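Colleague: There's a structure below that I have some questions on.
The values are calculated or read from the model by the stated rules, or taken from the named source; none is laboratory data. Just so you know, these numbers come straight off a predicted model, no measurement behind them. Note that each Cβ is placed from the backbone with ideal geometry, even for glycine, and that neighbours are counted across all protein chains shown.
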C-alpha cells in the first residue's frame, strides 16, 4: 500500500526540503491567512480530540500508563480550552491595533498589523505528548501559518496517533506531521523555518537554537528546570500537602516541567510536613503505590535508569524517609521523599522529572530565596505561606518563568497569563493570546499624507531648522512657535 | 591594543552588583536615564564633532537622527518609567480557582549590546535606555568603525553613569569574540546578517535570548500619484523629496532603513528623472561634499565596495544616469542614480548601504508587489501611492519589519510603533515601551487562598471526580453546580477502573 511505503521511506534532507517547499507554496497562496480557514482548522482539531478521546486515552495508557482522568483533564481538557479561547477571541487578535502617532510624525496614522510568519516547525515532548503537540500547533494555525509537527518518538503510540489523526482531519497542504527521532529531526532542522517552537530539555534546546541561528530563525524554547516549592509553617498543612502531591505525582508522576522538583522548608517544620505528606500519599495512592492505577509509570527504561541512579548515591539513599521502592519490569518507582540530601548531589543538580521529592531544610525561610537564586532560573516557583510580606518578597526577589502562591501548576490554566521560561528554563511564551503572538509578526504600519510637509526635515540644513527641530523634540507648542519666529536661543 | 585581561572579572563583578538589587530600584533607573539625558545635552557639540569626524555628518542631520531622537526617547522613558514597571493584572476566568493573576516585568540581569557605526549614538543608546529602564546591568560595545564616537562614549559617558552597573568598552572583532564567550541574560545586536548568525550561534550555547536588528534591501515603490485634483505635480514633488532624503540624507544611504532601490512604471521614468536631478541639486547644493549636506562613506573598505558595485559590472556602469563620481581621498560619493541595472548584479542582490540608487522599471506599478514578495523580507517597505487597492495589496501580500505609506524612515521616531525586522531582517523589536519589554522578563504571578479547594482534584479517581474536573477545566461553573447536585449525567464510563464510587468527603 502506498501509505505504508511512504512511511518506510527515509525522511532525509531532500524529503525535508521538499516538504518545506510544498508548505511554502501553500502559504504563498494566501489560504492560511483567511479567518475562515483558521477557524475551520481549529474546529477540526476540536472535533478530532473529541471524536477520538478513547484512542487518545489508550495511546497515553500505552506510552505512560497515564491515568485516563489525567489524560481527559490535561491532555484533552486543557487543549479544548485553548481551542475555545481561540474561537472566541481570534477575530479580535487579528485586528490591527491603532496606536497614537506623535507630533514628530504629524500628520500620520499608525497601526500595528499582525501577520503570520510563514512556515513554522513545532517539536514536541513525550510527557504530555498530545497537549504539547497540539497546543503550539493550534497557536500557529490561529496566527495563519503553515505548520510541521514533529512529535516525540519517546511516546510512540501518541506520535503515530497524531500522525494518523492530523492527516485525517486537517488541511494537509498546510499542516503536516513528521515522525521520527534524531535523524529526522536533524533533517528538519537543516531547513529554513520562519519560527521553531520547541518543548523539551536544555541540551536539545541548545542544538535547536544553534541550528536556527544558521537561518536567523527566531525560536521559542519551553524548557525545564528545578521548580522549587517553599513551604512555610503557617499554612493549612493538609491542604498544602494535597496540593503538593497532586502537583507532583498527580501530574504524570512528577514527569512534568512544572512539577515541584524539590521542597524547601524550615528545620523545625520539616518533620510535620513529612508526616502529612506520608499520610496524604497513602490516602491518594493507597498502601501499594507501585500498584496504583492512579499514577503514571516512568516513560522508558532510560529514564528509569536515570532516576534509579539519582538514588544510587549512598549519601542520598540514606536520606529516604518514605518510599524508594522500584519495579523495573513495570517501570515504576514509588513516590519517594528524601530529607536533606547534600546540596551538591546529582539529585539536587539535575532536573529530577520523576517521583522523587527532596526536602531541603533551612533555619529561616528567607534563606530559601538565596538558595533558589543561586541556581538556574526555573520554569515555575511556588511558595506556600500566609505571610503577606514573605509572599511579596518572594515575588519581587525570585526569578522564574512563572510563580504561583499556595498551589501548584494552576497558573497554566489561565489563558491570560503567558506560559514560558526565563534563563535556562527557556525563552518566549504561549497560551491564550500569547500563542497567537508567538507565531505572529507585528508589522508597524505608518501612513502619511502629503499635506503638512515640513521642509525642516530636508537639506539644505539651516540654523532655523535646527532650532525648530529641537523645539519639536521638546514637544512644547510655545517653543515651536518661538523657534519658528526665530526667538529661541 | 586594548588589554582585556580584566574583562571576565569585570563581568563577574557586574553580575554580583546586579544581584544586590540596586539596578531594580526605580530611583536608580530614573537617575541613570536622567544622567543619559544630561550627557546628551551637555556634550551636544562634542557629539556633533565626533559624528562629523567619523562620517562627515552635518550637525542638523546628526541632531535630527541621533541626538534629537535620543532626547525624545529619554523624555518618554523618564515620564513612563513607573507605568512600565507596574505589574499588569491578568483577566481571570469566571471559575475562581485563583484569587489573582498578574504579569510582573522584571529585569533579565546582565545584558550585552552590540552597536553599529552608522548611527553610533542612536544605535548604542536607544537599546541602552531600554535595558536600563528595565533594571538591567549593561555592557555596551560601540563599533570600532566609528572611532571618534566610540571614544566619546567610552571616555565621557561613564562619568555620568553608575559604572558598577554600566560598562562601555571599545574594541574590534577580537573584543566581540571575547564578549561572546561570557554569559549574558540577553544579547542585543545591530549589524549585518553575517555577524548576526555568529552572535546567535554563540548565544545558543548558553540559551541566551537575542534581538537581532539586521538589514536588507528596503524597497520603495513610486506610483504616478494620479489624482482627480490638479495637485499631481505637487504630490510628486513631495514624494521625490522624501525619497531623496531617505537615501542621500540618511547617512549617505548607509542606514538599515534607507531606501535601497525604487520601483516605478517604465512610462514614468521620463517624468521622474529630471525631477530627481533638480531636487538633488536643490537639497544637497552644488557642492554637497563641501557643505556636508551628504555624509561621507565610513571607511576605505566600504568605499571600494560601493565603487566596485558600479565599476565591476559594465552593464551596471552603463545604467548610471546621474552622478557616478567617486572621490577616494575624501571618501565621498556623489548622489548616483541608475536605471535598470541587471537584476542579478551585485547592486541588486546585496544591500547597497551607500548613495547609489537603482531605479527598477516595471510594466504596471502593481507588479511591484510580486517583485518585492519574491525577495527576502526587508526591514522596511515604502509605498508612495494613493491607490487604495495597491495599498491593501502591499499590506496583505508583502512582509517586512515596517511598512510606510507615502514617506520613509519616519517610522524610526514613532515610539508607539515597534521597530525591528522579520525573516532575514532580524527579530525582536524596540523603541518606546518595546525597548523596556525587550529587556524584561514578563513573569506570570498567580495567587490562591486556602479557602476554596475542589476535593475532586485529588486521587483516588472516580467517575464523579472525572465529570467534575472536566466541567471545572472547561470553566463551566454552571455545569459544575449541576454535577454536584447530581442533576447532570454523563455518558462517560471510567475506563479500566472498578466503579467503586468511594467518594471521600475531604
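Colleague: Please state which one of A:329, A:292, A:296, A:300 is within 14 Å of chain B (Cβ to nearest Cβ) and closer than 21 Å to residue A:156 by Cβ. Give the derivation first.
Modeller: On the way: A:329 fails: within 14 Å of chain B (Cβ to nearest Cβ); A:292 fails: closer than 21 Å to residue A:156 by Cβ; A:300 fails: within 14 Å of chain B (Cβ to nearest Cβ).
After ruling out the rest, the residue left standing is A:296.
Colleague: Pull up segment A:426-453, narrow it to residues that are in contact with a helix residue (DSSP H, G or I) (Cβ under 6 Å, 6 or more places away or on another chain) and within 7 Å of another protein chain (Cβ to nearest Cβ), then point me to the one that is modelled with the lowest pLDDT.
Modeller: Across segment A:426-453, the extreme among qualifying residues is A:453.
Colleague: Let me ask something else. Filter the helices (runs of 4 or more DSSP H) completely within segment A:346-454 down to those with at least 1 residues that are over 22 Å from residue B:446 (Cβ atoms). I'd like the intermediate steps shown before the answer.
Modeller: Working: elements: A:367-373, A:388-397, A:433-438.
Passing ranges, in order: A:367-373.
Colleague: Can you find, within segment B:440-453, the residue that is surrounded by the fewest Cβ atoms within 10 Å (Cβ to Cβ) among those that are at pLDDT 95 or above and over 15 Å from residue B:109 (Cα atoms)?
Modeller: Going through segment B:440-453, the residues at pLDDT 95 or above turn out to be B:440-445.
Restricting the remaining residues to those that are over 15 Å from residue B:109 (Cα atoms) gives B:444-445.
Values: B:444: 26, B:445: 22.
So the residue we want is B:445.
Colleague: Residue B:225 is checked against (1) buried (at least 18 other Cβ atoms within 10 Å of the Cβ); (2) more than 13 Å from every other protein chain (Cβ to nearest Cβ) and fails just one. What number does that condition carry?
Modeller: Tallying (1) buried (at least 18 other Cβ atoms within 10 Å of the Cβ); (2) more than 13 Å from every other protein chain (Cβ to nearest Cβ), residue B:225 fails exactly one: (2).
Let's see how each residue does on (1) touching a strand residue (DSSP E or B) at 6+ places or on another chain (Cβ under 9 Å); (2) free of Cβ contacts under 8 Å to residues at least 60 places away in the same chain; (3) buried (at least 18 other Cβ atoms within 10 Å of the Cβ):
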{"residue": "A:231", "(1), (2), (3)": "yes, no, yes"}
{"residue": "A:237", "(1), (2), (3)": "yes, yes, yes"}
{"residue": "A:249", "(1), (2), (3)": "yes, no, yes"}
{"residue": "A:257", "(1), (2), (3)": "yes, no, yes"}
{"residue": "A:264", "(1), (2), (3)": "yes, no, yes"}
{"residue": "A:277", "(1), (2), (3)": "yes, no, yes"}
{"residue": "A:280", "(1), (2), (3)": "no, yes, yes"}
{"residue": "A:291", "(1), (2), (3)": "yes, yes, no"}
{"residue": "A:300", "(1), (2), (3)": "no, no, no"}
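Colleague: Looking for something touching a residue at least 12 places away in the same chain (Cβ under 8 Å), away from chain B (no Cβ under 11 Å) and closer than 23 Å to residue A:412 by Cα - is there at least one such residue anywhere in segment A:94-114?
Modeller: no
Here's the yes/no breakdown for (1) closer than 30 Å to residue B:406 by Cα; (2) more than 15 Å from the chain's Cα centre (by Cα):
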{"site": "A:119", "(1), (2)": "no, yes"}
{"site": "A:130", "(1), (2)": "no, no"}
{"site": "A:142", "(1), (2)": "no, yes"}
{"site": "A:145", "(1), (2)": "yes, yes"}
{"site": "A:172", "(1), (2)": "no, yes"}
{"site": "A:190", "(1), (2)": "no, yes"}
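Colleague: Now a separate question. Give the residue, chosen from B:23, B:73, B:69, that is touching a residue at least 60 places away in the same chain (Cβ under 8 Å), within 11 Å of chain A (Cβ to nearest Cβ) and either in a loop (DSSP other than H, G, I, E, B) or buried (at least 24 other Cβ atoms within 10 Å of the Cβ) (or both).
Modeller: On the way: B:23 fails: within 11 Å of chain A (Cβ to nearest Cβ); B:69 fails: either in a loop (DSSP other than H, G, I, E, B) or buried (at least 24 other Cβ atoms within 10 Å of the Cβ) (or both).
Result of the check over B:23, B:73, B:69: B:73.
Colleague: Working carefully through the options B:153, B:98, B:123, B:157, find the one that is within 20 Å of the chain's Cα centre (by Cα), crowded, with 23+ Cβ neighbours inside 10 Å and in contact (Cβ under 8 Å) with a residue 24 or more places away in the chain. Step through it out loud before you land on a result.
Modeller: Numbers: B:153 fails: within 20 Å of the chain's Cα centre (by Cα); B:98 fails: within 20 Å of the chain's Cα centre (by Cα); B:157 fails: within 20 Å of the chain's Cα centre (by Cα).
Selected residue: B:123, the only one of B:153, B:98, B:123, B:157 that is within 20 Å of the chain's Cα centre (by Cα), crowded, with 23+ Cβ neighbours inside 10 Å and in contact (Cβ under 8 Å) with a residue 24 or more places away in the chain.
A quick yes/no check of all residues on (1) outside any loop (DSSP other than H, G, I, E, B); (2) within 14 Å of chain A (Cβ to nearest Cβ); (3) touching a helix residue (DSSP H, G or I) at 6+ places or on another chain (Cβ under 9 Å):
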| position | (1), (2), (3) |
| --- | --- |
| B:105 | yes, yes, yes |
| B:120 | no, no, yes |
| B:124 | yes, no, yes |
| B:127 | yes, no, yes |
| B:143 | no, no, yes |
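Colleague: Let me ask something else. Could you list, in sequence order, all residues of segment A:401-413 that are over 13 Å from the mean Cα position of the chain (by Cα) and at the interface with chain B (Cβ under 7 Å from one of its Cβ atoms)?
Modeller: The initial filter retains those residues of segment A:401-413 that are over 13 Å from the mean Cα position of the chain (by Cα), namely A:403-408, A:410.
Residues satisfying the conditions are A:403, A:404, A:405, A:406, A:407, A:410.
Colleague: A follow-up question, please. Could you tell me which of the residues B:235, B:272, B:225 is farther than 30 Å from residue B:442 by Cα, out of contact with any helix residue (DSSP H, G or I) (no Cβ under 9 Å at 6 or more places or on another chain) and either outside the structural domain of residue B:182 (by TED's automatic domain parsing) or at pLDDT 95 or above (or both)? Walk me through how you get there before you give the answer.
Modeller: Details: B:272 fails: out of contact with any helix residue (DSSP H, G or I) (no Cβ under 9 Å at 6 or more places or on another chain); B:225 fails: out of contact with any helix residue (DSSP H, G or I) (no Cβ under 9 Å at 6 or more places or on another chain).
From the options B:235, B:272, B:225, the qualifying one is B:235.
Colleague: Determine if segment A:47-57 includes at least one residue that is in a helix (DSSP H, G or I), more than 14 Å from chain B (Cβ to nearest Cβ) and either in contact (Cβ under 8 Å) with a residue 40 or more places away in the chain or surrounded by fewer than 22 Cβ atoms within 10 Å (Cβ to Cβ) (or both).
Modeller: Within segment A:47-57, one or more residues are in a helix (DSSP H, G or I), more than 14 Å from chain B (Cβ to nearest Cβ) and either in contact (Cβ under 8 Å) with a residue 40 or more places away in the chain or surrounded by fewer than 22 Cβ atoms within 10 Å (Cβ to Cβ) (or both).
Colleague: Pairs please, first residue from segment B:271-292 and away from every other protein chain (no Cβ under 11 Å), second anywhere and modelled with pLDDT under 90, Cβ atoms under 8 Å, 6+ apart in sequence or on different chains.
Modeller: B:271/B:224; B:271/B:236; B:275/B:236; B:275/B:237
Colleague: Suppose we keep only residues that are in contact with a strand residue (DSSP E or B) (Cβ under 8 Å, 6 or more places away or on another chain) and more than 10 Å from every other protein chain (Cβ to nearest Cβ) within segment B:420-439. Which one would you say is surrounded by the most Cβ atoms within 10 Å (Cβ to Cβ)?
Modeller: The first filter runs over segment B:420-439 and keeps only residues in contact with a strand residue (DSSP E or B) (Cβ under 8 Å, 6 or more places away or on another chain), leaving B:420-422, B:426-431, B:434, B:436-439.
Cutting the leftovers down to more than 10 Å from every other protein chain (Cβ to nearest Cβ) gives us B:430, B:436-439.
Working: B:430: 25, B:436: 24, B:437: 17, B:438: 23, B:439: 28.
Among those that are in contact with a strand residue (DSSP E or B) (Cβ under 8 Å, 6 or more places away or on another chain) and more than 10 Å from every other protein chain (Cβ to nearest Cβ), it is B:439.
Colleague: Under the condition of being in a loop (DSSP other than H, G, I, E, B) and in contact (Cβ under 8 Å) with a residue 24 or more places away in the chain, which residue from segment B:336-345 is surrounded by the fewest Cβ atoms within 10 Å (Cβ to Cβ)?
Modeller: Residues of segment B:336-345 that are in a loop (DSSP other than H, G, I, E, B), as a first pass: B:340-345.
With the extra rule that they be in contact (Cβ under 8 Å) with a residue 24 or more places away in the chain, the set shrinks to B:341-342, B:345.
On the way: B:341: 24, B:342: 13, B:345: 18.
Only one residue fits best here, namely B:342.
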